[in-house]
Amino acid sequence: MTNLVKAMLEQLKSKEYRKLRSSDPEAQPILYPVELFGFNMGYSERTEYQVGNVTLDYATVITEGFEATKSRILAAKAKHTAPEKLAFADKMLSEIDRMIAISDAHRKLAEDKCPRLFEALGKIPRKGAESFYEACVFIKLINVVLRRRGVQHLGLGRFDQYMMPFWQADLDRGVTKEELFETLEAFFIALNYDSDVYGGMQQGDNGQSMVLGGFDEAGNYLFNDLSKSCMEASLELNLIDPKINLRVGKNTPDEIYVLGTELTKKGLGFPQYCNDDVVIPGLIKLGYDKEDAYNYVVAACWEFIIPGVGADIPNIRTMNFPLMVANAVSEGLVTADSFDDLLALVDKQVIDCCEEFINRKYPDLYDVTASIFIGNCIERLQEMHHGGAKYFNFGCHGAGIANAADALAAIKKCVYEDGTVSKEELLAALEADFEGFEALRNKLKACPKMGNNDNYVDDIATHLMDVFSRNLNNRSNLQGGIWRAGTGSAMEYLLSAAKCPATADGRKAGDVYSSSFSPSLDVKTEGILSVIQSFTKFDMTNIANGGPLTLEIHDTVLRNEIGIAKTAKLVQLFVELGGHQLQLNSINRDVLLDAQKHPENYPNLIVRVWGWSGYFNELDLPYQEHIIRRTHYSL
Amino acid sequence: MCFSIEEFSVYDGPGIRTSVFLKGCPLRCTWCHNPEGQVYGRQIVRSPNGCIGCNNCIKYAEQTENGPAFTEKSIENCPGGLLRYCGEECEPGELCEKLLKNASILGKVGGVTFSGGEPFAQRDFLFECLGKLKGKMHTAIQTCGYTDADTFRQALTLCDFMLFDIKIMDDDLHRKYTGVSNERILENFIQLKNSGLDFVVRIPLIPGVSDTESNIRQSCEFFKENGVDYVELLPYNKMAGGKYKMLSRSYDPKFDTEAQVHLHPEIFSEYGIKTAVL
């Protein structure tokens, strides 16, 4: 670690730098004392969330420079006559001028404080970047302008692919690997400076995801010198940003999994693994062009989107699976003569819910600045959400699938098969939230649960996801795009759960669901091998909106190379089984409990919350509690 | 009777293992971290975390000479679901069917390890399972080596791998800390070595008991005589005492549990023995 990197880390940890921010929303982006890239937020309040979950086409603009971008806009303007298009072009041009002006003001600031930045800003952003350093500065400029406008969850996309030409050009010019690695580490640190003021549900939920690796259409695995350096920088720095996503597949070399597992061992909650063998065919089925599907990224948490050309909104609605079951039970259990009758009622709930989502009117989104970096917005002179982007699809979370399947399995077994619980008794117990029905509740809890590789309940989950995806996937969203079903939950494991009464798996009213696509909390499964089999039975290409199987393993599993190699093998097994996405976290419950009692001893304790990692101390209590309650697989 | 089946065991044999813990053990190692594995019969255990003090478990308990004993009703009526049976009667056929569910995914990358307790304590059950799994899954036995020579010889033909504990070389100390002599254990080890079966030797490093210079030196002498060039070291786990409370037992290990564990890398290298710390 170089002195510059150490100094930047120290500055970050001291948090003193935050005092330099202003409370004026119009304040310019600022430089912090130890600086390499500049373009920090400058404003101290968290911005309001507007447009988000988007990954820009950085490569085109940072390569060509804003002057060339302006020429493209002018050329497009010459081809169009519609007044609203011409007005849109003028707005884009003035946004670019504004960015250039911000850059010029910044250059002045940098003159004494950071000569390297001063020099770079003499060329970019007017002209394109040539060095890796200039390219990083350019990205920072674009990001700060957009974030200050309320564009949030800006992913970094396939950083190792689009930045590789700059990295290689530097190497060819004779820049040493050490110098480049310093720049990379400094850039990673810089991404952490302002994450406390970025919009998001909780601190850390800022969408700074980076995607590494991935297969091309010819079947080559694209993992280059920069990909590896990103992993190494992350290993060395121990910071929450950027969050690493690894694209893998059955032909990914073993050493990539080992490298990934070494990062898991750090306890940062990443990498998250995305399986190309499943995600790419899934996106193609949803109508994405082959070339785009091969280029997919994770937007912020786990949502599969296409960088640079898409304006999908991958989290616009949530299918609250346990609520569908609870509604069907309260409305129709008495009259349902067989389990299949009851299941048909649940199906109807799910289908009606899909219809309601499809026919609902959604708020109009509009962002000129982001449109400069998306798809055909410039050529067509159309805003990204209004025909400029190639894709404007809507994604729907699928929350609480395990709780829903567990609840149905318990009813099937106790009410319809064994007859050990009467319908009336069950309804009374649910109504009373199990108060006074402890024995009945334990009986329900003892029924088959998802995560045990038991078809009795896994088949029910498969059925529910099938109904969900069949009734949503590829349906028109009435705004030029289609719908996509997924298995994510985001914060809905709290919010949707709060709206759901007691369920027949023994879950009490309002009690939380598991995160995304995972066994219900408090369920003791047969173990991690059964879990990965339970959660790979469904054809995952049908739920390509994303949402990972989330597994917590005790940190002692990864205590040496033997444990790391075998855990890497486990991830490979998951990929071979056809899982779509895996979030593997290394955790120690005792440490978390102690951190709740003595937060002062754990200022840097990092945990994975859902699709992002954050500092444990900075999370609201329900999120802390949720992590502590997850099953931690030990030896 | 097994008391636990753990999938994804990474320190119990080659590759990813499913470990089957059989109940019952002839030894009483004072540091035992699986005390529920010592007794042969089924027990009710109570998880200490999450108790709201409703006393339902006591209400449904039976009065015995040793105080209240939990019953099935206690388990049923615990609102937190904190009570459970430890130890489940199962047929070898049923157990193997369950284990074989993972045969396809573990085929190339691991197998099953029978542990305990001491697996030889349920010899017939163990052998029947090994017979059923033979050729279908890689099998290993994790043993303290304390069983009769015939049983041991037979086992060598039934499994694919053995994890063999050698704890203390001095017989008096072995008796003191484990309750039995190590004579049979060392004899069985010679059988293992001569059989040609793949195996690994493991030493639990207990502070002041087995991690002493003299014990490590004596062990190394023994290993050298027997051509052992790789040993796995299991440093004492400070959490070992945790489970005694669940069994309403006190933990009295008879050594300083806080003391530093000595790995003695210099002695092992003097004897040319490679080690891995697990």
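The values are calculated or read from the model by the stated rules, or taken from the named source; none is laboratory data. Since this is a predicted model, take the numbers as computed values, not measurements. Here Cβ is always computed from backbone atoms with ideal geometry, including for glycine, and neighbour counts include all displayed protein chains.
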I'd like to check something: does region A:34-49 contain any residue that is part of a helix (DSSP H, G or I) and within 24 Å of A:V137 (Cβ to Cβ)? no
Checked A:K412, A:K449 against criteria (within 14 Å of chain B (Cβ to nearest Cβ) and within 30 Å of A:F535 (Cβ to Cβ)); the one match is A:K449
Counting only residues in region B:69-87 that are among the hydrophobic types (A, V, I, L, M, F, W, C) and farther than 21 Å from B:C2 by Cα, the one farthest from the other protein chains (Cβ to nearest Cβ) is identified as B:A69
Can you tell me which residue is farthest from A:V575 (Cα to Cα) among those in region A:264-282 that are buried (at least 22 other Cβ atoms within 10 Å of the Cβ) and touching a Leu at 6+ places or on another chain (Cβ under 6 Å)? A:T264
From the option list B:V20, B:V39, B:V45, single residue qualifying as assigned to a loop (DSSP other than H, G, I, E, B) and of a type in the set (V, I, T) is B:V39
Restricting attention to region A:554-573, report how many residues are facing another protein chain (nearest Cβ under 9 Å) and outside any helix (DSSP H, G or I). 2
Name the residues in region A:592-635 that are within 14 Å of chain B (Cβ to nearest Cβ) and either buried (at least 23 other Cβ atoms within 10 Å of the Cβ) or touching a strand residue (DSSP E or B) at 6+ places or on another chain (Cβ under 8 Å) (or both), would you? A:L592, A:T631, A:H632, A:Y633, A:S634, A:L635
Hey, does region A:496-506 have a residue that's within 13 Å of another protein chain (Cβ to nearest Cβ) and out of contact with any strand residue (DSSP E or B) (no Cβ under 7 Å at 6 or more places or on another chain)? yes
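One line per residue, one yes/no per condition, for (1) at pLDDT below 95; (2) in contact with a Phe, Trp or Tyr (Cβ under 9 Å, 6 or more places away or on another chain):
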residue	(1), (2)
A:M92	no, no
A:D104	no, no
A:G122	no, no
A:S131	no, yes
A:V137	no, yes
A:L141	no, yes
A:R149	yes, no
A:L156	no, yes
Regarding region A:535-550, can at least one residue be identified that is over 24 Å from A:V278 (Cβ atoms), more than 9 Å from chain B (Cβ to nearest Cβ) and part of a strand (DSSP E or B)? no
Which one is surrounded by the most Cβ atoms within 10 Å (Cβ to Cβ) among residues in region B:188-218 that are under 20 Å from the mean Cα position of the chain (by Cα) and more than 24 Å from B:V112 (Cβ to Cβ)? B:S210
Can you find, within region A:515-534, the residue that is farthest from the other protein chains (Cβ to nearest Cβ) among those that are under 20 Å from B:S9 (Cα atoms) and part of a loop (DSSP other than H, G, I, E, B)? A:P519
Of all residues in region B:104-114 being at pLDDT 90 or above and within 11 Å of chain A (Cβ to nearest Cβ), which is farthest from A:L440 (Cα to Cα)? B:V109
Index of the failed condition, B:A103 passing every other in (1) under 27 Å from B:Y244 (Cβ atoms); (2) surrounded by fewer than 21 Cβ atoms within 10 Å (Cβ to Cβ); (3) of a type in the set (G, A, S): (1)
Quick check, is A:K6 closer than 26 Å to A:E232 by Cα and either more than 32 Å from the chain's Cα centre (by Cα) or surrounded by fewer than 18 Cβ atoms within 10 Å (Cβ to Cβ) (or both)? yes
Given the condition more than 14 Å from chain A (Cβ to nearest Cβ), in contact (Cβ under 8 Å) with a residue 40 or more places away in the chain and assigned to a strand (DSSP E or B), answer yes or no: does some residue in region B:88-103 qualify? no
Within region B:104-126, which residues are under 22 Å from B:P35 (Cα atoms), in a helix (DSSP H, G or I) and in contact with a Leu (Cβ under 6 Å, 6 or more places away or on another chain)? B:P119, B:Q122
Test for A:A504: is it crowded, with 24+ Cβ neighbours inside 10 Å and in contact with a Phe, Trp or Tyr (Cβ under 7 Å, 6 or more places away or on another chain): no
Taking the conditions exactly as written (part of a loop (DSSP other than H, G, I, E, B), touching a strand residue (DSSP E or B) at 6+ places or on another chain (Cβ under 8 Å) and small (G, A, S)), does A:G219 satisfy them or not? no
Options B:A149, B:A155; residue that is buried (at least 21 other Cβ atoms within 10 Å of the Cβ) and within 24 Å of B:C129 (Cα to Cα): B:A155
By my count, helices (runs of 4 or more DSSP H) wholly in region A:357-469 with at least 3 residues that are modelled with pLDDT under 95 and crowded, with 24+ Cβ neighbours inside 10 Å are none
Which of (1) touching a residue at least 12 places away in the same chain (Cβ under 8 Å); (2) over 30 Å from A:N393 (Cβ atoms); (3) in a helix (DSSP H, G or I); (4) among the hydrophobic types (A, V, I, L, M, F, W, C) does A:V144 not meet, given it meets every other one? (2)
Kindly indicate whether any position in region B:63-77 is touching a Leu at 6+ places or on another chain (Cβ under 7 Å) and either in contact (Cβ under 8 Å) with a residue 40 or more places away in the chain or assigned to a strand (DSSP E or B) (or both). no
Heads up, the strands (runs of 3 or more DSSP E) in region B:186-278 (entirely inside) with at least 3 residues that are among the hydrophobic types (A, V, I, L, M, F, W, C) are B:198-205, B:230-235
Looking only at region A:574-591, and only at residues there that are away from chain B (no Cβ under 11 Å) and in a helix (DSSP H, G or I), the one that is surrounded by the most Cβ atoms within 10 Å (Cβ to Cβ): A:V575
Report, ordered by the first and then the second residue, all pairs with beta carbons closer than 8 Å, sequence separation of six or more or different chains, a first member in region A:465-477 that is among the aliphatic types (A, V, I, L, M), and a second member that is modelled with pLDDT under 95. A:M465/A:F538
Starting from residues that are surrounded by fewer than 20 Cβ atoms within 10 Å (Cβ to Cβ) and farther than 17 Å from B:I141 by Cα, keep the ones in region B:1-34 and report whichever is nearest to the other protein chains (Cβ to nearest Cβ). B:H33
Take A:Y43 and decide whether it is at pLDDT below 95 and of a type in the set (F, W, Y). yes
